[in-house]
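Quick notes on the structure that follows.
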Amino acid sequence: MKINFYKKILNLISEDKPDDLTSIFPKENFQQILEIDKYPNLSTLVNDNIYAYRLFFCTDINHTQKVIDVINKNFNSNIELNDAKDIVISSSQEAVTFNFYNDFSAEVLRLVTNSEKTIKEIWNLNISPPAPWVSFPEIDPDGLGSMQGNLSFWWDWMWLPFWNSMNKDQKDKYLIENSAPASWVEYFDFYDAHINAKKT
């Protein structure tokens with residue numbers, strides 16, 4: 001199971017199959033997007049000669065369906081949720097690749113596109129990952145030290161990009177609206193004051 005998990009990470013993050021994607025996302029169709037402090041975060045693939053952005057994030061099934069709805073509207077397609085695995089759609093100037101899998105009590109989505117409109121409409125969905133006390137109900141934040149394995153992967157790729165996209169008022173509101181346990185509220189206060197502050 002651990003081997004399959006790491007294969008999944010390597011396939012979905014480290015390898016975007018440049019030979020395939022360079023032809024789908026040529027330089028002449030690239031649209032530069034300057035707003036990069038939103039969630040889901042963007043990462044450019046330009047250094048691999050893939051002129052597109054990757055969005056890699058975690059959310060609930062309802063938002064997964066809404067992402068598919070955005071793709072269907074902008075690419076004039078009719079993808080069904082049950083068939084949305086390794087989808088590639090291209091038009092004359094824009095393209096999108098999309099897949100998702102179940103993990104962390106939610107859905108993990110990977111989307112690559114050069115469509116600014118699609119990215120901005122996904123941002124407008126106000127997507128958020130499940131809270132840590134939902135994805136990892138067995139974790140006691142009082143005992144969190146060096147994160148490893150599945151927890152570390154989720155924290156770095158799914159949670160922190162979302163958490164760091166919010167200001168303090170938004171974070172406080174999120175914790176209240178999602179009934180954060182007191183131990184997690186205390187942990188995030190400590191994290192932002194002593195750990196996150198050193199990174200900025």
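Among the residues in the stretch 4-19, are any crowded, with 16+ Cβ neighbours inside 10 Å, of a type in the set (S, T, N, Q) and at pLDDT below 95?
no
Within the stretch 147-157, work out how many residues are open to solvent by 50 Å² or more (accessible area, probe 1.4 Å) and in a loop (DSSP other than H, G, I, E, B).
1
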Worksheet item: Is at least one residue of the stretch 48-58 at pLDDT 90 or above, over 21 Å from Met158 (Cβ atoms) and part of a helix (DSSP H, G or I)?
Response: yes
Discussion item. One residue is enough: does the stretch 35-44 have a residue meeting the conditions touching a strand residue (DSSP E or B) at 6+ places or on another chain (Cβ under 9 Å), in a helix (DSSP H, G or I) and either open to solvent by 40 Å² or more (accessible area, probe 1.4 Å) or at pLDDT below 90 (or both)?
Written reply: no
Discussion item. Show the residue pairs meeting these rules: Cβ distance below 6 Å; 6+ apart or different chains; first residue within the stretch 163-175 and under 15 Å from Asp189 (Cβ atoms); second residue part of a helix (DSSP H, G or I).
Written reply: Leu175/Val185
Item to complete: Pick out the one residue from Tyr101, Tyr187, Tyr174 that is more than 21 Å from the chain's Cα centre (by Cα) and among the aromatic types (Phe, Trp, Tyr).
Response: Tyr187
Practice prompt. For the stretch 158-166, indicate whether the set of residues that are exposed (fewer than 14 other Cβ atoms within 10 Å of the Cβ) and of a type outside the set (Lys, Arg) is non-empty.
Written response: no
Response to the item:
Of the residues in the stretch 65-76, those that are closer than 19 Å to Glu107 by Cβ and open to solvent by less than 80 Å² (accessible area, probe 1.4 Å) come to Gln65, Val67, Ile68, Asp69, Val70, Ile71, Asn72
Item to complete: Output the residues belonging to the stretch 167-189 that are assigned to a helix (DSSP H, G or I) and surrounded by 13 or more Cβ atoms within 10 Å (Cβ to Cβ).
Response: Lys171, Asp172, Tyr174, Leu175, Ser183, Trp184, Val185, Glu186, Tyr187, Phe188, Asp189
Practice prompt. Name the single residue, out of those in the stretch 53-64 being surrounded by 14 or more Cβ atoms within 10 Å (Cβ to Cβ) and among the polar types (S, T, N, Q), that is nearest to Leu21 (Cα to Cα).
Written response: Thr64
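The values are calculated or read from the model by the stated rules, or taken from the named source; none is laboratory data. This is a predicted model, so every value here is computed, not measured. Glycine also receives a Cβ, built like all others from the backbone with ideal geometry; neighbour counts cover every protein chain displayed. Each accessible area value is taken on the protein alone, full model and side chains, heavy atoms only, with ligands, DNA and RNA left out. Shrake-Rupley method; radii C 1.70, N 1.55, O 1.52, S 1.80 Å.
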